[in-house]
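Participant: Shown below is the structure under consideration.
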Amino acid sequence: MSHSKLPYEDLKQKAIKEIEKHQLVVLATTDGESVTARTILRISNGLTLYCLTGQYTRKYKQVTENPSVAIAYGNLQIEGRAIARGHPSDTENASFTEAYKEQYPDLYERSKKIHFQRPNMGLLEIVPSRVSLYHSANIAAGTESYIEILDVDKKEAHKVTRTSAGYDSPHYMK
């Protein structure tokens, strides 16, 4: 296993670009006893992600009980905390509204007419604490498997290269 530091801002921008590639992602939540996962529409503003859902749904209830969440898609994995932000059209959710309009203008217009009219509609804001990008080995090119880890809380970035024993770096294990 080899471990090296990376420039934080460079990996942050790379992570944002990877997040933006995926329109649909899988969100996992827990109530402390069971874990559930479902596909959601990804709406993002930088590293922050948003999810529209009903305030009566299981995921919304789980987040209000336990804000720890994970998001995954392809080689991307995000761990963080979800915050129930109330109704999506509330004035304090303006950054979500702008991101939604910009990324999905047609869908936003439909949501305004349907979802935003429902009083029990909810918005979840997902704030990452850790973002991981997995890169598999390419034997023909002579490259090894490695993981780039963005520790958002500490504002640190690391690259952990796999050995035959696996990923045993303390940065990977956190």
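Rule-based calculations on the coordinates, nothing more; no lab input. Not measured: the values here are computed from a predicted model. Because the Cβ atoms are built from the backbone with ideal geometry, glycine has one as well, and the counts that use them run over all protein chains shown.
Participant: HN-Hα J couplings of segment 41-48 from phi, Karplus 6.51/-1.76/1.60, θ = phi - 60°, integer Hz, Gly and Pro as x?
Facilitator: 6, 7, 10, 9, 9, x, 7, 7
Participant: Net charge within 13 Å of LYS159 by Cβ-Cβ distance, Lys/Arg positive one each and Asp/Glu negative one each, not counting LYS159 itself? Don't jump to the answer; show the numbers that get you there.
Facilitator: Values: positive: LYS5, LYS14, ARG162; negative: ASP10, GLU144, GLU148, ASP151, GLU156.
Summing Lys/Arg as +1 and Asp/Glu as -1 gives -2.
Participant: Beyond a 22 Å Cα-Cα separation, which of these cross-linked pairs lie in this structure: LYS17/LYS159; LYS14/LYS154; LYS5/LYS154; LYS17/LYS112? Provide the component values of the computation, followed by the final result.
Facilitator: Values: LYS17/LYS159 18 Å; LYS14/LYS154 17 Å; LYS5/LYS154 13 Å; LYS17/LYS112 27 Å.
Beyond 22 Å: LYS17/LYS112.
Participant: At 0.36 nm per residue, and after removing the present C-alpha to C-alpha distance, how many nm does the segment from LYS101 to GLU9 gain when stretched out fully?
Facilitator: Working: separation 92, 0.36 × 92 = 33.12 nm, distance 2.61 nm.
Using 0.36 nm per residue and subtracting the Cα-Cα distance, I get 30.5 nm.
Participant: Turning to a different aspect of this structure: Using only C-alpha positions, report the orientation-averaged shadow area of the convex hull of segment 33-135, nm², one decimal.
Facilitator: Mean projected area for segment 33-135: 7.0 nm², to one decimal.
Participant: To the nearest µm²/s, what D does Stokes-Einstein give for the chain at 20 °C and 1.002 mPa s, using the Kirkwood radius over alpha carbon pairs as Rh?
Facilitator: Values: Rh = 17.3 Å.
Here the translational diffusion coefficient equals 124 µm²/s.
Participant: In whole Hz and in residue order, list the ³J(HN,Hα) couplings for segment 75-83 that follow from phi through the Karplus curve 6.51 cos²θ - 1.76 cosθ + 1.60, θ = phi - 60°; x for Gly and Pro.
Facilitator: 8, 9, 9, 10, 10, x, 10, 9, 10
Participant: Subtract the Cα-Cα distance of GLU33 and GLU109 from 0.36 nm times their separation in residues, and report this length gain in nm to one decimal.
Facilitator: In short, 23.6 nm is gained.
Participant: Counting C-alpha atoms alone, how compact is segment 1-72: give Rg to one decimal and Dmax as a whole number, in angstrom.
Facilitator: When restricted to Cα atoms, segment 1-72 yields Rg and Dmax of 14.8, 46 Å.
Participant: For the peptides 28-34, 121-127, what is the packing order when you average, over each peptide's residues, the other Cβ atoms within 10 Å and list the highest mean first?
Facilitator: Ranked by mean Cβ neighbours within 10 Å, highest first: 121-127, 28-34.
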